[in-house]
Amino acid sequence: MLPLKRALSSPIGRKFVMSISGIALVLFVIVHLLGNLTLYIPDGGESFNRYAAGFEALGPMLYVMELGLLAVILLHAFWGISTWLRNRRARPERYAKSIATKGGGSNLNIASRNMAITGSFLFFFLIIHVWHFRVRKETVGEKTTVNGQEATDLYALVVGSFENPAWVFFYTLSMVVLAFHLRHGFWSALQSLGAMKPRWSKQIYAFGLIFAILLALGFLGMPIYLFLAAA
Amino acid sequence: MAQETMTVHLKVWRQAGPEESGSFQNYTAENVNPHMSFLEMLDVVNEDLIHKGEEPIEFDSDCREGICGTCGFVINGQAHGEERGTTVCQLHMRSFSDGDTIVIEPWRAKAFPVIKDLVVDRRAFDRIIAAGGYVSVGTGPKPDANSIKVGKDVSDQAFDSAACIGCGACVAACPNASASLFTGAKITQLAMLPQGHPERTRRVREMVHQMQEEGFGNCSNIGECEAVCPKEISLSNIAKMKREYLRAMFSDS
């Protein structure tokens, strides 16, 4: 018998945790992007505010969803950091001449080698991002009317923020970092689950790149679009 | 006709013993025949050192035909040097240019402590094998040779995994010093064949546990192991190991 605790702390089990939480976060990010695409509709924010009001209408259920998401993020982050620390300990004496790839099918690149760094940056981004829109929506958000009911004017908050080029730069940079994280993460999640056949891996790895670029472009287009629209 | 020779500058890791601290020493190898193997070049450097009354550079080697898995060190950040699908004994000096500076380091991993200079202790691999990388056989009369049929495609795949010579390059090249390709190949080889099936659950459980106990890192699917493997063992062996482990997690035995 393989006890669950031993299985999940094993080199393979801990990557199962990383994969499954990672895939969950990817699904969240896809939904987040699809909803936010309403920002591109030039209707003065009506669609976007209606979308945001839908979440407000959930009432206490929204907090349950947010806590669930937070739990997945914390699991992915802490498990990832702990795995990274173990990997560091596995090579106490570093190479004087750092590892150079021998090519072939190797995915040794800046995306794959810096998952902990891009991941930590994204965690830092998430704290700022949640404060920036989620917390400030409650504290400084102004009211507007959506479908005849009072709702927060999240659109005004978003548009107001992206008049500032510093915010545009920070969000754009963060989405580029996200692209690097997903470039390796997408394929890695599937490989860690053993869901990979030699005949698929090249295509999946290529799809990971397209997916990462599309997702990042979808997101980073928003601050740039709103900045240019306001200018 | 005079043969063209070359000169290379070596930066070699020298470490007197497991507890000593090591450092890089510079050597110059002159009159190197380009058709020498890398190890033959080191043999010549060592003869020179012995004549001068200095300690020769210690390194492992045995068959020098690229099939035993004894030799191996890191050359300019690449396990077994820049040529793919070969061990360092089959790397020839013609791969280098006259006047090159070559940095030579031992495999670096917590689980592979340095014994001396470029020689590392790879018994961690033996202990992973001892944990389950075998098929138990009963004593008594020998079984009929072809009593269990194995398809050609399956036996070919098992053979590809069995080609692993346990040199340790996969660990050396992995940014996480993970032994997943080695362990994955050993598990896959036996998981493919009917003879390996009765013990497959216990095998993957114990071998993966031993791999962790030895202090190897975790696989992050970078795939540099596959690129440096002298036997070109595929990353799919790691995927197979993950499936075997998943199966063991949900198995009753």
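Read-outs: derived from the displayed coordinates by stated rules, not from any lab. On a predicted model such as this, the values are computed, not experimentally measured, just so you know. Every residue, glycine as well, gets a Cβ built from its backbone with ideal geometry; the counts of neighbours run over all protein chains shown.
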Before anything else, pin down the relative contact order of chain A: Cα pairs under 8 Å, at least 6 apart, normalised by residue count, whole percent.
27 percent
Amide H contacts under 5 Å for B:Leu10, placed H, 5+ residues apart:
B:Tyr27, B:Thr28, B:Ala29, B:Ile102
With everything on Cα atoms, drop me the angle between helix B:236-249 and the longest principal axis of chain B, reported from 0 to 90° to the nearest 10.
40 degrees
Need one number: nm distance between label points at A:Ala156 and B:Thr28, each 7 Å from Cα along Cα→Cβ, rounded to one decimal.
7.8 nm
Taking Cα atoms, the helix B:152-162 axis meets the longest principal axis of chain B at an angle in degrees (rounded to 10) of 50 degrees
How would A:Glu66, B:Glu206 line up from fewest to most surrounding beta-carbon atoms within 10 angstrom?
A:Glu66, B:Glu206
Would you list the P(r) distribution for the protein assembly as shown, with all Cα-Cα distances sorted into 20 Å bins from 0 and each bin expressed as a whole %?
21, 43, 27, 9, 1
Inter-part gap, Cα centre of region A:24-100 to Cα centre of region B:133-211, in whole angstrom, is 39 Å
Residues with amide H under 5 Å of A:Val146's amide H, sequence separation 5 or more or different chain, H placed in the peptide plane at 1.01 Å from N; which?
A:Ala151
Determine, for A:His184, A:His129, the number of other Cβ atoms within 10 Å of each Cβ, and report the residues in order from fewest to most.
A:His129, A:His184
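Take B:Glu47, B:Glu82 and order them by how many other Cβ atoms sit within 10 Å, fewest up front.
B:Glu47, B:Glu82
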Go ahead and set up a Gaussian network model of chain A, Cα springs under 10 Å, then flag whichever of A:Leu37, A:Leu58, A:Leu75 fluctuates most.
A:Leu58
May I ask for log10 I(q)/I(0) of chain B at q = 0.15 Å⁻¹, from a Debye sum over the Cα atoms as equal point scatterers with solvent left out?
-1.03
In degrees rounded to 10, the 0-90 angle between helix B:200-213 Cα long axis and the longest Cα principal axis of chain B is 40 degrees
Binning at 5 angstrom from zero up to the longest distance, how are the C-alpha pair distances of chain A distributed in percent?
1, 6, 11, 16, 17, 15, 12, 9, 6, 4, 2, 1, 0, 0
Any residue on another chain or 5+ positions along whose placed amide H is under 5 Å from the amide H of B:Val120 is listed here as B:Ile115
Gaussian network model of chain A, springs between alpha carbon atoms under 10 Å - residue of A:Gly185, A:Gly218, A:Gly194 with greatest fluctuation:
A:Gly194
Can you list the HN-Hα couplings for region A:165-171, worked out from phi with the Karplus curve (6.51, -1.76, 1.60; θ = phi - 60°), rounded to whole Hz and with x for Gly and Pro?
x, 5, 5, 4, 5, 4, 5
Roughly speaking, what is the centre-to-centre gap between region B:214-253 and region B:52-129 when only Cα atoms are used, to the nearest Å?
23 Å
Compute the whole-percent fraction of alpha carbon pairs in region A:134-231 spaced more than 20 Å apart.
56 percent
Size-normalised alpha-carbon gyration radius of region B:6-105, reference 2.2 N^0.38 Å:
1.03
Below 8 Å, C-alpha to C-alpha, sequence gap of six or more: please give me the relative contact order for region B:123-249 in percent.
35 percent
Counting alpha carbon pairs within less than 8 Å and at least 6 residues apart, what relative contact order, in whole percent, applies to region B:6-105?
35 percent
Length gained when the stretch A:Met1-A:Gln203 is fully extended (0.36 nm per residue, less Cα-Cα span)
69.1 nm
Diffing region B:72-87: the Karplus 3J(HN,Hα) column from phi (6.51, -1.76, 1.60, θ = phi - 60°), in whole Hz with x for Gly and Pro, holds x, 7, 9, 10, 6, x, 10, 5, 6, x, 6, 6, 8, x, 8, 8
